[in-house]
Amino acid sequence: NITDSDPDGRLTVTDKDVKLQEIALAKNEGKELTKEEKQRLRKEKKQHKKNKKDDKGPPEKEKEKEKASVPAPSKPATQSPAHKAPAPVHASESAAAAEKPAKSKAELRAERRARQDSERTSKQGKKEGGQQSASSKPKATPNELQPVVKRLPEHVQVDDPAALKKLAKKLERQQVPLRSDYGYKVSLFSHLHQYSRKSPPTLQISIPATVIHPSIVRLGLQYSQGIIAGSNARSVALLHTFKQVIQDYSTPPNEELSRDLVNKLSPYISFLSQCRPLSASMGNAIKYIKKEISNIPSQCKEEEAKGKLQACIDSYINEKIILASEAISKYAIEKISDGDVILVYGCSSLVNHILCKAFEKQRKFRVIVVDSRPRLEGREALRRLVKKGIRCTYVLISALSYILPEVSKVFLGAHALLANGYVMSRVGTSQIALVAKAYNVPVLVCCETYKFCERVQTDSFVSNELDDPDDLIVTRNGKSHLENWQTVKSLGLLNLVYDVTPPDFVDLVITDLGMIPCTSVPVVLRVKNVDQ
Amino acid sequence: MPGADKETELSERIEAFLSELKRCGSGAGSLRGSAETARETTSLLRRITAQARWSNAGDLMEIIRKEGRRMTAGQPSETTVGNMVRRVLKIIREEYARSRGSTEEADQQESLHKLLTSGGSSEDNFRQHFTHLKANVIEAINELLTELEGTTDNISMQALEHIHSNEVIMTIGRSRTVEAFLKDAARKRKFHVIVAECAPFCQGHEMATSLSKEDIETTVIPDAAIFAVMSRVNKVIIGTQTVLANGGLRAVNGTHTLALAAKHHSTPLIVCAPMFKLSPQVSDTPFTRFSEILSKVNAHCPVFDYVPPELITLFISNIGGNAPSYIYRLMSELYHPEDHEL
């Protein structure tokens, strides 16, 4: 790899200026910075920071990223020993500090590369530490054998200015535009982003964008405008787009496909998460792809590797989504009897599929579709079911207590199933489960196993998504009361997207592995990880 | 003849009132609050007492009962009308009894005792004529009107006893009583209000804009998010359309969900309801509007919800705070049992 030519790294003033100008020019034109330019930029910034530190002299505690086996004694002369506090060797600690250890970069990189290779070979078939792929940097910490404490994802740290600065730096390096928050945020949710649909992140990209693949740009736009919505739809769209990206990819010289392709995907993932925070299913899909890519042996030819990856993606979609929904339908249809009145909420592709299949199998039932503002997704579900010929009734969620005495079963879809048994789903699901419990109506949740997630959560506040608050404004007879809500200082609009349902409201979870109670989710996760 | 003119004028007024009620019910006219309806009903009843032809209390009660039946039939969901009619009937009974000289205590005995002791009814059929009865009844109705005018203020005065600083209060839809209640508390304390918008009419939006103008931190949430945010709410304060005899409520749709969520989180549910909303009805038939969108789909749009008394913590009315189990006693003080069926 390219090593530093000048360890001291002090360019003359004129050279530095010229180089920085060139780099700025390249960035503005949207061209991808070459490796040299990126390195120079990095070096410049580091030098700048080092100078500042020497001047200020604050004692900074630096966390080393290496394991204990790294020899620590050789410290360079440039850093005065007073600045280096004894660095605790916490390889498994997250929240990486800003400073890199001040060894010679070439030595460090070579050491790390050797260690990663040895680890990778020894880790074939062992459990990988679960790291959030969406937020991991390209120079990530080496995987540990024991499960690492996960780094807190950026999208729940909006109230922390340090985390925001880190994100801005990372996005600038990847040449991905940073999206700014919109509107007054309710104080309980100041740790989350709130974007406006009217200002998509693509406004700041130059066209044609050469850094981010055009199909990724299109996908990001479709996400942010809500054209593609729903956990399964988003995952499938993502996987298809990645297939396209892999197809168009060509390995640069002196690079290995297995490493370079993963690095190429990172800015795309950052861009997509700027458009809309990634869902749990998308996160799992990305983890799978990254694993598959890094497992490509180095002697594999490019065409062969690409073909293999595309086949992997196809089989993932087929197994985890399509076949899974067939299996779930089979189990679920056993639970539907003639004369049932089934209540569904919003538009879940899986639940719609189950109902259509049950109708084809000549079960006699009717459906009540519950809908809620402001998304009104139930209308889409209503359209699909009526097209099939199923008898439907439509109510808003406030009419729930009125309609529930007639209902015999409730079928709900899920966005993710958390490791403590809570069901994360569209906002309003927990309400439906609560009232159904009060009326003693059984609640069945249908969820594929690829949506199972290792996070735990007990309320809907710490990790959620805030949608565009302007969606709540409604105009009736030409007048709307909330039109100028931004001008009123103490008025806030809250448009939550998800909420969590406690497991005591849910009677049964139907997955492709069978029908399990809500509390068995960590068992399934463990089984899955052992398999992989 | 002056008498006939008065009568035609009277019946015109009654007709106008009835059509006003019908129009409000269908949503075409301007929505008016229950307080206004109560006041207008009572002034109309006063006018009937003053101008209609009657010679003894029994006649008057017949007339009022007949008009009352017509008015409630015009708009069955607006129970305030019926309540006011029953109040006036009780007033007439009391005035009659007082004129006859029998003490009031005898009439307001324990209901159980009354059951055991009253063989035949002590009051005969109100046929005795008293000259001052008209004046007395009109004076009593005037007192009732002043009471009605002061209800919202009486309720708001109790606000500071129930809201502490830095609270998060949740409410649903739009209730003028709750609005006044919260605004009164906001003059002295700082707290945060979350308003559920209550689709499809979204009256919550008006409530939120009105509250935020008084510098109260307000947040509007869609109905689906009620349970999601309930864990951070300290109190739920709602208004209602009617308070039923068993302590339950008939309130705007979505209230039952709100009450269940509050019960799950053990959050107190406080209902601000003036006394004229108390109604002797017990059973509840939901009032719904049906409409056909597609030929194969039924859509339901219920207007009211029934909330059982177990989910309610406290009633705040113009005469103070009460538990739901006490409502039946208040009922017996306001209305005479024979008037429960108009």
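No value in this document is a laboratory result; all are computed from the given coordinates. Treat the numbers as computed from the prediction; the structure is a model and nothing was measured. All Cβ positions, even for glycine, are placed from backbone atoms using ideal geometry, and neighbour counts span all protein chains on display.
With contacts taken as Cα pairs under 8 Å and at least 6 residues apart, segment A:469-517 reaches a relative contact order of 25 percent.
Spin-label pair A:Leu203-B:Glu338: with each label point 7 Å from Cα along the Cα-Cβ axis, the two points sit 7.5 nm from one another.
Ordered by the count of other Cβ atoms within 10 Å of each Cβ, fewest first, B:Leu89, A:Leu238 give B:Leu89, A:Leu238. An oblate overall shape is assigned to segment A:373-499, the ratio a/c of its alpha-carbon gyration tensor axes (a ≥ b ≥ c) being 1.5 or greater and a/b not exceeding b/c.
The orientation-averaged shadow of the Cα convex hull for segment B:172-246, equal to a quarter of the hull surface, comes to 5.7 nm². Ranking B:Ala262, B:Phe304, B:Ser332 by how far each Cα lies toward the positive end of the dipole of segment B:184-342 (charges on Cβ) leaves B:Ala262 at the top.
Spin-label pair B:Asp5-A:Ser190: with each label point 7 Å from Cα along the Cα-Cβ axis, the two points sit 7.1 nm from one another.
Taking neighbour counts of Cβ atoms within 10 Å as a proxy for exposure, in what order, fewest first, do A:Phe411, A:Phe461 appear?
Details: A:Phe411 24, A:Phe461 19.
Ranked by crowding around the Cβ, least crowded first: A:Phe461, A:Phe411.
Taken over the Cα atoms of segment A:374-416, the convex hull encloses 110 Å³ per residue. Across segment A:508-516, rounded Karplus estimates of 3J(HN,Hα) from the backbone phi angles (6.51 cos²θ - 1.76 cosθ + 1.60, θ = phi - 60°) give 7, 10, 9, 10, 6, 8, x, 9, 10 Hz, Gly and Pro being marked x.
Could you calculate the contour length gain from B:Leu160 to B:Arg187, that is, 0.36 nm times the residue separation minus the distance between their Cα atoms, to one decimal place in nm?
Numbers: separation 27, 0.36 × 27 = 9.72 nm, distance 0.96 nm.
So the extension gain works out to 8.8 nm.
Placing a label point 7 Å from the Cα of A:Glu360 along the Cα-to-Cβ line, the residues of segment A:286-330 whose backbone N sits under 16 Å from it are A:322-330.
At an R0 of 41 angstrom, the distance between the Cβ atoms of A:Glu406 and B:Arg70 translates into a FRET efficiency of 0.75.
From the P(r) of segment A:460-532, could you give the percentage of C-alpha pairs in the tail past 17 Å?
Details: 1752 of 2628 pairs.
Result: 67 percent of Cα pairs exceed 17 Å.
Averaging sequence separations of C-alpha pairs under 8 Å and six or more residues apart, then dividing by the length of chain B, give the relative contact order as a whole percent. List each step's numbers first, then the result.
Working: 512 pairs, mean separation 52.7, N = 342.
Computed value for chain B: 15 percent relative contact order.
Calculate log10 I(q)/I(0) of segment A:205-300 for q = 0.16, 0.18, 0.23, 0.24 Å⁻¹, where I(q) comes from the Debye formula with a single equal point scatterer on each Cα and nothing for solvent. Normalising to I(0) and taking log10 leaves -0.67, -0.83, -1.27, -1.36.
If you take the beta carbon distance between A:Leu108 and A:Gln486 as r and set R0 to 41 Å, what does 1/(1 + (r/R0)^6) give as a FRET efficiency, to the nearest 0.05?
0.25
At full extension, A:Thr475 and A:Lys308 could sit 54.8 nm farther apart than now, given 0.36 nm per residue minus the alpha carbon distance.
Using a 10 Å cut-off around each Cβ, can you sort B:Glu143, B:Glu206 from fewest to most neighbouring Cβ atoms?
B:Glu143, B:Glu206
Rounded to the nearest 10 degrees, the inclination of helix B:255-264 to the longest alpha-carbon principal axis of chain B is 60 degrees. Relative to the dominant Cα principal axis of chain B, helix B:34-51 is inclined by about 10°. Based on DSSP H segments of at least four residues, each scored -39500 (n - 2.57), chain B has a per-residue ellipticity at 222 nm of -15500 deg cm²/dmol. The phi torsions of segment A:168-174, fed into the Karplus equation with coefficients 6.51, -1.76 and 1.60 and a -60° offset, translate into couplings of 4, 5, 5, 5, 5, 5, 7 Hz, rounded to whole numbers, with Gly and Pro shown as x.
Where the alpha-carbon atoms of chain B are placed on the principal axes, they occupy 63, 48, 40 Å, in descending order. Modelled this way, with points 7 Å down the Cα-to-C-beta line, the labels at B:Lys213 and A:Glu454 are 5.5 nm from one another. Computed over the Cα atoms of segment A:279-353, pair by distinct pair, the Kirkwood hydrodynamic radius stands at 15.3 angstrom.
Working note: Cα atoms of segment A:193-250, range along each principal axis, descending, whole Å: 36, 30, 17.
Enclosing the Cα atoms of segment A:317-413 in their convex hull gives a volume equal to 91 cubic angstrom per residue.
A simple rule links phi to the HN-Hα coupling: the Karplus curve 6.51 cos²θ - 1.76 cosθ + 1.60 with θ = phi - 60°, which for segment A:324-330 gives 4, 5, 5, 4, 5, 4, 4 Hz, with x for Gly and Pro.
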